[in-house]
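Student: Got a structure for you, questions after.
The values are calculated or read from the model by the stated rules, or taken from the named source; none is laboratory data. Since the model is a prediction, treat every value here as computed from it, not as a measurement. As a convention, Cβ positions derive from the backbone with ideal geometry for all residues, glycine included, and neighbour counts pool all protein chains shown. Heavy atoms of the whole protein, side chains included, go into the accessibility calculation; ligands, DNA and RNA do not. Shrake-Rupley method; radii C 1.70, N 1.55, O 1.52, S 1.80 Å.
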Amino acid sequence: MSEGTVSHLLIAHGSPDPRHRAVMRTLAAEVSDRGLPCSVAFLEHDRPSVPEALAEISSAVVTLGMLLAPGYHATVDVPRLLAGAPPGLRIHDLGPLGTGEWLFPVLDGLVADVGAGPESPVILATAGSTRDAARLSLAGFASDWEETRTGHVVVAAGTGPGLSLEDAARRYAVDHLPVSVGIQPAVVLPLKISPGVLTDRTLNIAGKHGLLAAGTLAESPLFVEVLVDRLARR
């Protein structure tokens, strides 16, 4: 792909919650402001759809799925939609955003933003998945991040198999001493790019059990830098 003719497309899940659309469009605008022309398309609920967005691109495009786990959307839906792109459109697909060491500074910053630190336990709140590969991927990521800090990291699911968010919050509320004796409460951190139903539920459950609630990934100033780096390095 020759420079100057390349578009960049963030492929997001989509949501009936308008906050999701607003955050994704803001991220695309911030990437564009850093010199990489960027737009966003959605798999569900919002527009443009992926086929609609691809139809508007004339020459070449770099695509990046805004998906953190190798679930059905990342492994089936996105490849299928890209395979159906208009003839002649050159696509360089970076795959899903996924997780990895690049995310550690983003998460550390979100934990620090709520007054906690590396010694604080963290509950990574996920939407949940029925796919074993997605759950194993997130568990491995949590284990890798835990090795960089002193506090434990556990993955809790909003729905589906595995430790539930409610049970995780109850466990840490019961097992850890209150702030008054010098031990910080656990941080419930939604492993989501933008706010929505899961983040609202995370906030409510954290409050009910006296835990801290961190923001979403897009609330970290480092997150847009991650996107720019990923798209520019292709």
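Student: Taking the residues in segment 109-139 that are modelled with pLDDT of 95 or more and assigned to a helix (DSSP H, G or I) as candidates, determine which candidate is most open to solvent (accessible area, probe 1.4 Å).
Tutor: The qualifying residue most open to solvent (accessible area, probe 1.4 Å) is 113.
Student: Kindly provide the set of residues from segment 173-197 that are at pLDDT 70 or above, farther than 20 Å from residue 109 by Cβ and open to solvent by 20 Å² or more (accessible area, probe 1.4 Å), ordered by number.
Tutor: 173, 197
Student: Identify all residues within segment 123-155 that are in contact (Cβ under 8 Å) with a residue 40 or more places away in the chain, farther than 16 Å from residue 74 by Cα and among the β-branched types (Val, Ile, Thr); write none if there are none.
Tutor: 123, 148
Student: Residue pairs, Cβ under 7 Å, 6 or more apart or interchain, first in segment 77-90 and modelled with pLDDT of 95 or more, second among the acidic types (Asp, Glu). List them.
Tutor: 82/93
Student: A follow-up question, please. Of the residues in segment 211-234, how many are at pLDDT 90 or above and either among the hydroxyl-bearing types (Ser, Thr, Tyr) or outside any helix (DSSP H, G or I) (or both)?
Tutor: Kept after step one, since they are at pLDDT 90 or above, are these residues of segment 211-234: 211-232.
Add one more test, that the residue is either among the hydroxyl-bearing types (Ser, Thr, Tyr) or outside any helix (DSSP H, G or I) (or both), and what stays is 211-216, 220.
Result for segment 211-234: 7.
Student: If you don't mind, there's one more thing I want to ask. For segment 198-208, give me each residue that is touching a residue at least 40 places away in the same chain (Cβ under 8 Å) and open to solvent by 40 Å² or more (accessible area, probe 1.4 Å).
Tutor: Across segment 198-208, the qualifying residue is only 201.
Student: Restricting attention to segment 91-108, report how many residues are touching a residue at least 60 places away in the same chain (Cβ under 8 Å), open to solvent by less than 20 Å² (accessible area, probe 1.4 Å) and out of contact with any Phe, Trp or Tyr (no Cβ under 6 Å at 6 or more places or on another chain).
Tutor: 3
Student: With respect to residue 87, determine if the residue is at negative phi and surrounded by 17 or more Cβ atoms within 10 Å (Cβ to Cβ). Explain how you work it out, then say what you get.
Tutor: Numbers: at negative phi: yes; surrounded by 17 or more Cβ atoms within 10 Å (Cβ to Cβ): no.
No: the conditions fail for residue 87.
Student: Something else about it: Tally the residues that are of a type in the set (A, V, I, L, M, F, W, C), touching a Pro at 6+ places or on another chain (Cβ under 9 Å) and closer than 16 Å to residue 56 by Cα, restricting the search to segment 4-29.
Tutor: Matching residues across segment 4-29 total 2.
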